[in-house]
Amino acid sequence: MYRPIGPMLITMNALLGSLVVLASCVMLCNAQCYFIPIEGSPDNLPKECKDLGGVTYAMNSKWKNERCEECSCNPTGIHCCNIVAIPVGFSKMKCKKLFNEKTCTYTVVEKKNPKKTCLVEQWVM
């Protein structure tokens, strides 16, 4: 016996699917970021931020560090996020990934002929 699916059920399934995708994206994105709270009191706010290595940065500044992270300093602290896209969808039998520390990027090349690039179908952050 055929029973038509009501528009309410379709809408609920679409909403649930969208929420699962959004939650997965948020979890993956946040896994690549961290926060260093600023030390100080509300009546004595610092004019700079200090990272874990002791390097100081001006308030409201942005920079890229040696670990390929984009960071920013604001009145609450330092916020840093990874900016490297990692190739995962390629033939691991025929190809290898090479990391360029200056540009913070990967290139995927053939193992037998490193001058030829390989097709990458998927990247992750």
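Coordinate-derived values only; no laboratory data. Quantities reported herein were computed from a predicted structural model and do not represent experimental measurements. Cβ coordinates were reconstructed from backbone atoms using ideal geometry, including for glycine residues, and neighbour counts include every protein chain displayed.
Structure summary
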item	result
Estimated FRET transfer efficiency (N100, S41; beta-carbon r; R0 30 Å; 0.05)	0.10
Placed amide H near I86: partners under 5 Å, 5+ positions off or other chain	V124, M125
Selection of GluC sites (Glu not before Pro), the stretch 45-90, meeting DSSP coil and at most 11 other Cβ within 10 Å	E66
The stretch 31-125 - Debye-derived log10 I(q)/I(0), Cα point model, q = 0.21, 0.22, 0.25 Å⁻¹	-0.96, -1.02, -1.20
Residue-by-residue Karplus 3J(HN,Hα) for the stretch 59-75, coefficients 6.51, -1.76, 1.60, Hz, glycine and proline x	4, 6, 9, 10, 7, 10, 8, 6, 9, 6, 10, 8, 10, 9, 10, 9, x
From phi via Karplus (6.51, -1.76, 1.60), per-residue ³J(HN,Hα) for the stretch 76-90 in Hz, x at Gly/Pro	8, x, 9, 10, 10, 9, 5, 10, 8, 8, 9, x, 10, x, 8
Relative packing of 83-90, 112-119, which averages over residues the other C-beta atoms within 10 Å, highest first	83-90, 112-119
Nonlocal amide H pairs with G77, under 5 Å, H built at 1.01 Å	I38
³J(HN,Hα) computed for each position of the stretch 106-123 - Karplus, 6.51 cos²θ - 1.76 cosθ + 1.60, integer Hz, glycine/proline x	9, 10, 10, 10, 5, 5, 7, 9, x, 7, 9, 7, 10, 6, 10, 9, 8, 10
Cut-off under 5 Å, modelled amide H: who pairs with S61 long-range	C73
